[in-house]
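Colleague: One structure is given below, represented as structure tokens, and several questions about it will come after.
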Amino acid sequence: MLHTFVALVEDKPGVLTRVASLFRRLNVNIVSLTVGRSEREGVSRMTIVAEASPTAGHRITASLYKLENILEVDDVGQYACVTRELALIKVAATPQTRSHIFELVEVFRARIVDLAPESLMIEITGVSSKIEGLIQVLMESGDEILEVARTGRMVMRRGRHTSRVMEAMRIAGVPEAEILEPNVTAESGEESQLPQ
Amino acid sequence: MSSTPQNTRLTGSEIVWATLVGEGVTDVFGYPGGAILPVYDAMRKFPVRHILTRHEQGATHMADGYARASGKVGVAMATSGPGATNMVTGLATAMMDSVPIVCITGQVSSKVLGTDAFQEVDITGITLPITKHNYLVTRAEDIAPALREAFLVAKSGRPGPVLVDITKDAQQATAEFNFEAAAPKPYRPHPMRGHSADSISDAAKLIREAKRPVILAGHGIIQSGAFEQVRTLAERAQIPVASTLLGLGAFPASHELSLGMMGMHGEAWVNNAIQNADLLVACGMRFDDRVTGTLATYAPNAKKVHIEIDPAEINKNVKVDVALVGDLRQILEILLPQIPTCKSSPWVREINEMKGECAVRDIRNLPDNGHLYAAHVINDLWNATGGKAIIVTDVGQHQMWEAQYYKHDEPRTLVTSGGLGTMGFALPAAIGAKVACPDKEVWVIAGDGGIQMTACELSTIAQENLDLNIAIINNGFLGMVRQWQEFFYEKNYASSPILSPDFVKLADAHGIAGATVTKRSEVLPAVKSAREKKGPFLINFHVEKEDSVYPMIPQGKALHEMIRRPDNPLIETAEDA
Ligand SMILES: Cc1cc2nc3c(=O)[nH]c(=O)nc-3n(C[C@H](O)[C@H](O)[C@H](O)COP(=O)(O)OP(=O)(O)OC[C@H]3O[C@@H](n4cnc5c(N)ncnc54)[C@H](O)[C@@H]3O)c2cc1C
Ligand SMILES: Cc1ncc(C[n+]2csc(CCOP(=O)(O)OP(=O)(O)O)c2C)c(N)n1
Ligand SMILES: [Mg+2]
């Protein structure tokens, strides 16, 4: 089963290795991994898609938290999310054979971003299945695909939800730890007991 | 706190020591070399004792033994390249058993990083999976913050080893030093840790309603300092307590509710009690495979409550009914008021009967018929030391016999490598334990195989004139390997017989006193001389060569499917059927 995690990590050298190495150690295959800046300086955001058993989500999340540079991990599979992937697809096409590709691009709400005498480049954004759909249709219509570059999935939860960690960092004057007092289940409202 | 005035300009090397002193470090185990020489040069200005080891592996095990015996963070130091790679085994050992140590390594100058410079090795890359965290520091001003954070990380949450790799140019440059300003942020909160009032009361309810409960006492009790709380829980609810290897000492072995060690080499009544239990209360233990046997048949009728600080351990091996994730002591403090006092328990009586049936091996009554068994040695050692010594064991049969026959009543009196099972651990770890606890009696119990892996540290003991005693359980074999070969490989003793030097002569060559013992009657006198001798003493116990550790659960079998002790009149008492 595919699991998707959003991880907020400190933007420091070697953090990507630590994350990737953890998946290797757990013997879990990473399907895609995207990293980039987040809304806050010094914090990077990763979306990690991994193939693992249905029950592995807890273990992977908990293991990610063992890495000192990890600020927050969200196993987003269980929530309503917007998922996007961007792909660049280079297709062999001459002025004579282009036109049907233009039509396909239109249908898929993609864009042509480069046009050369013997090729063109398509930019497409969407969920992965949409990208795969375009590639398949291109192949079925006999077009020669020269190159494909895909970013891997990016995910954001729908609605007002944001990271508690980022929230804590944003609210000036409130010590991070106070807001972040962990996992108090909603029903109980119990103070948590964290050893320091 | 640091005696250095605030905001002084120091070299990176001085900052290393000033920060260590500020963190309360009084002892460092290490070995110098080119890339760490500036730090060694600055050492004399600071009130820290440096113990020169004979191998960097030894330095890491010493820091480890120091930490396990005292609860403080152990510190080891080495140069770049081979010095750093020699630390790998010690780091992995500490990682597996969650021991807080900080290892400091020198590194080539930042300008030549990544160029295969002389003695350059990517030690932060190498140790990534065997440290809780590590740092590469390339600027003098980053040293104090990195080191301070390293100490915090090492001892917070689930403890573990941290490595700080410092380039030579960072050691040589200068920077403002301000110990207070370098303080790390409070340890980051862990969103997965926590427990609701509901889950606490669920656990309490399970405990109140259980008819056949067993507490599984682990290393986490010692790390959390929850000795009293676990004892209160056991006494109040009349719950018998089984210990993991690393949990020995976390509950007094002489207590009437103490069952002893569970798992692969646990006594039959312990494992049978677990298999027949209707509730397991796991306290700071991680259901290692040596503890559970095959998972499919593990305690099939028991509900499970797991109190554990590391969320990654929850439901990892054994599915649990209630998980309380956090510091054990704090959780028990909340839980205990919900546990009523229970007067007597038929279950405890039942287990005591099981115990009786399996018959305690009352080795004290064994006839002295010329055969010396490791069991004799350890039992006598236990008697002679009143069970009060810190025992540091190596890995193998002797380690299991120690766990069975030396009754630990206090935490931090057994130092042993459990998770990694690192042969060669005992001698250096005992040096660390003795340096940490100079007023305690410290004994090494090692096999003839394992002692030879790090025997070079005898010289360290001599140089430091450490008053510790060494018992070698000499069976002429890599005994644990031989036992497996006997049971599972048709007695094909491939490369398990091992030749050893005359250990007493070896000790003598180091100026260390010693004695050889071959008969049971000689055990106590030799132990007595060792205890009376100021300074180190080594005893070479020649024991039965082909003795085995019983009971034993073969790998892949259930806890109750153990190989029992054969009818051997030499090691069985009359009532041991
Ligand atoms: C030859 C050999 C034979 C062995 N045979 C056996 C055997 O028969 N029986 C046996 O038991 N072991 C045996 N072992 C040891 C075994 O491999 C494991 O090392 C051992 O069982 C681990 O014990 P543990 O889970 O208590 O400790 P650890 O592995 O140290 O785990 C401690 C747990 O406590 C948690 N913890 C830490 N601090 C806290 C805190 N403050 N609050 C709450 N939780 C905390 C940690 O997160 C961790 O999960 C053997 C080892 C060797 C080498
Ligand atoms: C470094 C290392 N290498 C190999 C092993 C595998 N091993 C486990 S026990 C053992 C035999 C130990 O022999 P000895 O030290 O004589 O102790 P004994 O079992 O005889 O008491 C071996 C080889 C190990 N645990 N550690
Ligand atoms: Mg041996």
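The values are calculated or read from the model by the stated rules, or taken from the named source; none is laboratory data. Computed from a prediction, not measured in an experiment: that's the story for all the values here. We place every Cβ from the backbone using ideal geometry, glycine too, and count neighbours over all the protein chains shown. Note: accessible area is taken over every heavy atom of the protein model, side chains too, but ligands, DNA and RNA are not part of it. Shrake-Rupley method; radii C 1.70, N 1.55, O 1.52, S 1.80 Å.
Colleague: Please report the Cα spread of the range B:362-549 along all three principal axes, rounded to whole Å, starting with the longest.
Modeller: Extents along the principal axes, in whole Å: 47, 36, 32.
Colleague: Moving on to the next point. Calculate, in nm to one decimal, what A:LYS12 and A:ALA92 gain on full extension: separation in residues at 0.36 nm each, minus their alpha carbon distance.
Modeller: Additional length available on full extension: 24.7 nm.
Colleague: Mind checking the angle between helix B:140-155 and chain B's longest principal axis? C-alpha axes, 0 to 90 degrees, to the nearest 10.
Modeller: So the helix axis and the longest Cα principal axis differ by about 10 degrees.
Colleague: Hey, in the GNM for chain A with a 10 angstrom Cα cutoff, which one of A:ARG150, A:ARG160, A:ARG59 fluctuates hardest?
Modeller: Top of the fluctuation ranking is A:ARG160.
Colleague: Nearest 100 Å² is fine: what is the total accessible surface buried where chains A and B meet, probe 1.4 Å?
Modeller: 2900
Colleague: Another one. Limiting things to C-alpha atoms, what are the Rg and the maximum Cα-Cα separation (Dmax) for the protein assembly as shown, in angstroms?
Modeller: Just the Cα atoms of the protein assembly as shown yield Rg and Dmax of 29.6, 103 Å.
Colleague: To continue, here is another question. Check each residue of the range B:283-325 and keep those whose accessible area, probe 1.4 Å, is at least 30 Å² smaller with all protein chains in place than in the chain alone; give them in order of residue number.
Modeller: B:ALA312, B:LYS316
Colleague: Right, here's the next one. Per-residue HN-Hα couplings for the range B:403-410, Karplus 6.51 cos²θ - 1.76 cosθ + 1.60 at θ = phi - 60°, whole Hz, x for Gly and Pro?
Modeller: The phi angles translate into 4, 7, 10, 9, 8, 8, 9, 10 Hz.
Colleague: Averaging sequence separations of C-alpha pairs under 8 Å and six or more residues apart, then dividing by the length of the range A:82-150, give the relative contact order as a whole percent.
Modeller: Numbers: 109 pairs, mean separation 33.1, N = 69.
Relative contact order of the range A:82-150: 48 percent.
Colleague: Using alpha-carbon pairs under 8 Å, 6+ residues apart, how would you state the relative contact order of the range B:1-148 in percent?
Modeller: 24
Colleague: Would you please calculate the Kirkwood hydrodynamic radius of the range B:111-257 over all C-alpha pairs and express it in Å, rounded to one decimal?
Modeller: 19.4
Colleague: Report, to the nearest whole %, how much of the accessible area of the range B:197-354 belongs to carbon and sulfur atoms, 1.4 Å probe, protein only.
Modeller: Ligands and nucleic acids excluded, carbon and sulfur give 47 percent.
Colleague: Now a separate question. Normalised radius of gyration for the range B:8-177, please: alpha carbon Rg relative to 2.2 N^0.38 Å, two decimal places.
Modeller: 0.91
Colleague: Starting from the eigenvalues of the Cα gyration tensor, five times each then square-rooted, give me the equivalent ellipsoid semi-axes of the range B:299-453, largest first, whole Å.
Modeller: Working: eigenvalues 216, 115, 57 Å².
Ellipsoid half-lengths, sorted descending, are 33, 24, 17 Å.
Colleague: How well do other chains shield peptide B:197-205, expressed as the mean number of their Cβ atoms within 10 Å of each residue Cβ?
Modeller: Partner Cβ neighbours, averaged per residue: 2.
Colleague: What accessible area per residue comes out for the protein assembly as shown, rounded to a whole number of Å², with a 1.4 Å probe?
Modeller: 41
Colleague: So the label point goes 7 Å from the Cα of B:GLU546 along Cα→C-beta, right? Which residues of the range B:470-510 then have their backbone N under 17 Å from it?
Modeller: The answer is B:475-498.
Colleague: Cα-based Rg (one decimal) and Dmax (whole number) for chain B, in Å?
Modeller: Reported Rg and Dmax, both Å: 24.4, 74.
Colleague: Hey, another quick one. Among rounded, prolate and oblate, which fits the range A:2-78 when a ≥ b ≥ c are the square roots of the eigenvalues of its C-alpha gyration tensor, a/c under 1.5 means rounded, and a/b larger than b/c means prolate?
Modeller: It comes out prolate by the Cα gyration axes.
Colleague: How large is Rg over Rh for chain A, taking Rg from the Cα atoms and Rh as the Kirkwood inverse mean of 1/r across Cα pairs? Provide the component values of the computation, followed by the final result.
Modeller: Values: Rg = 21.0 Å, Rh = 19.4 Å.
Result: Rg/Rh = 1.08.
Colleague: Same structure, new question: Which order do you get for B:THR416, B:THR516, B:THR8 if you rank them by accessible area with a 1.4 Å probe, largest at the top?
Modeller: From most exposed to least exposed: B:THR516, B:THR8, B:THR416.
Colleague: Another question, if that's okay. Which residues belonging to the range A:37-65 lose at least 50 Å² of 1.4 Å-probe accessible area when the assembly is complete, relative to their chain isolated?
Modeller: The answer is A:HIS58, A:ARG59, A:TYR65.
Colleague: Would you mind telling me the share, in percent, of accessible area of the range B:1-127 contributed by carbon and sulfur at probe 1.4 angstrom?
Modeller: The computed percentage sits at 55.
Colleague: Sorted from largest to smallest, which semi-axis lengths in Å does the alpha carbon gyration tensor of the range B:197-354 give for its equivalent ellipsoid, taking the root of 5 times each eigenvalue?
Modeller: After diagonalising the Cα gyration tensor, the semi-axes are 19, 18, 15 Å.
Colleague: By how many degrees, 0 to 90 and rounded to 10, does the Cα axis of helix B:523-532 deviate from the longest principal axis of chain B?
Modeller: For B:523-532 against chain B, the angle is about 30 degrees.
Colleague: Still on this model: Which value, in Å² and to the nearest 10, is the accessible area of B:TRP484 when all protein chains are kept and the probe is 1.4 Å?
Modeller: Taking all protein chains as shown, B:TRP484 has close to 60 Å².
Colleague: Indicate the residues belonging to the range B:117-148 that lose 10 Å² or more of solvent-accessible heavy-atom surface (probe 1.4 Å) upon moving from the chain alone to the assembly of all protein chains, ignoring ligands and nucleic acids.
Modeller: Buried by the other chains: B:LEU128, B:PRO129, B:LYS132, B:HIS133, B:ASN134.
Colleague: Please compute the net charge surrounding B:GLU532, taking Lys and Arg as +1 and Asp and Glu as -1 over other residues with Cβ under 14 Å from its Cβ.
Modeller: Charge balance in the 14 Å sphere: +2.
Colleague: So what is the diffusion coefficient of the range A:82-150 in µm² per second by Stokes-Einstein at 4 °C and 1.567 mPa s, using a Kirkwood Rh over Cα pairs?
Modeller: My calculation gives 110 µm²/s for D.
Colleague: Using a ≥ b ≥ c from the Cα gyration tensor of the range B:140-181 (square roots of the eigenvalues), is it rounded, prolate or oblate, where a/c under 1.5 gives rounded and otherwise the larger of a/b and b/c decides, a/b for prolate?
Modeller: oblate
Colleague: So what's the back-of-envelope 222 nm ellipticity for the protein assembly as shown, counting only DSSP H runs of four-plus at -39500 (n - 2.57) apiece and dividing by all residues, rounded to 500?
Modeller: That calculation yields -9500 deg cm²/dmol at 222 nm.
Colleague: With every protein chain left in place, what is the accessible area of B:LYS303 in Å² (1.4 Å probe, nearest 10)?
Modeller: B:LYS303 exposes around 100 Å² with every protein chain in place.
Colleague: Another question, if that's okay. What are the extents of the Cα atoms of the range B:60-100 along their three principal axes, listed from largest to smallest and rounded to whole Å?
Modeller: 30, 18, 10
Colleague: Find, among the chymotrypsin sites (Phe, Trp or Tyr not before Pro) in the range A:79-145, those assigned to loop by DSSP (not H, G, I, E, B) with at most 15 other beta-carbon atoms within 10 angstrom. Provide the component values of the computation, followed by the final result.
Modeller: Details: sites: A:TYR79, A:PHE102, A:PHE108; in loops: A:TYR79, A:PHE108.
Passing sites in the range A:79-145 are A:TYR79.
Colleague: Using heavy-atom solvent-accessible surface (probe 1.4 Å) with all chains present, what is the largest-first order of B:LYS388, B:LYS168?
Modeller: B:LYS388, B:LYS168
Colleague: Still on this structure, please answer the following. Per-residue accessible area for A:ARG164 at 1.4 Å probe radius, Å² rounded to 10?
Modeller: Probe radius 1.4 Å; accessible area of A:ARG164 about 90 Å².
Colleague: Out of the total accessible area of chain A (probe 1.4 Å, heavy atoms of protein only), what percent is carbon and sulfur?
Modeller: 52
Colleague: Normalising by the residue count of chain B, find the relative contact order in percent from Cα pairs under 8 Å and 6+ residues apart.
Modeller: Averaging sequence separation for qualifying contacts and normalising by length gives 14 percent for chain B.
Colleague: Residue by residue through the range B:254-260, which ³J(HN,Hα) values in whole Hz follow from phi under the Karplus form 6.51 cos²θ - 1.76 cosθ + 1.60 (θ = phi - 60°), with glycine and proline marked x?
Modeller: Per residue, the Karplus-derived 3J(HN,Hα) values read 7, 5, 5, 8, 7, 9, x Hz.
Colleague: Just the Cα atoms of the range B:376-429: what Rg and Dmax do they give in Å?
Modeller: 10.7, 30
Colleague: Considering only protein heavy atoms, with the full assembly of protein chains and a 1.4 angstrom probe, order B:ILE472, A:ILE145, A:ILE171 by accessible area, largest first.
Modeller: Listed by decreasing accessible area, they come as A:ILE171, A:ILE145, B:ILE472.
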